[in-house]
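FYI, it's all coordinate maths here, none of it is from the lab. Predicted model, so just to flag it, every value in this text is computed and none were measured. As a convention, Cβ positions derive from the backbone with ideal geometry for all residues, glycine included, and neighbour counts pool all protein chains shown.
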Amino acid sequence: MNRARIAVVASALLVLSCAGARKVTVDGQEMTLEDAASRAFAAAQGSYDASRFDEAARGFAAVAEKYPESAYADQARLQQGGRS
């Protein structure tokens with residue numbers, strides 16, 4: 001399972017490195033899509049680590065919905081139990 005996850009992330013990073021970095025604006029700050037997804041995923045993970053599970057589930061769902069092409073989308077779906 002870990003090898004498959006590593007392969008997916010490595011493939012996603014390879015695709016992203018070949019394409020131009022898409023920019024998004026979050027809270028008035030411009031950043032790459034991957035940076036925005038990373039921040040949102042980290043916030044959801046922080047909620048999970050603090051045992052705020054409903055908040056974490058909403059956060060992971062938001063990552064998968066807002067940033068479906070990011071390297072974090074699949075992991076966010078896994079963290080929320082595979083829900084789409």
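Just add up the charged neighbours of Met31: K/R +1, D/E -1, any other residue whose Cβ is under 12 Å from the Cβ of Met31.
-1
Sort Lys66, Lys23 so that the residue with the fewest other Cβ atoms within 10 Å of its own Cβ comes first and the one with the most comes last.
If I rank by nearby Cβ atoms, fewest first, I get Lys23, Lys66.
Name the long-range amide H neighbours of Val26: under 5 Å, sequence gap of 5 or more, or other chain; modelled H, no Pro or chain starts.
So Val26 has HN proximity to Met31.
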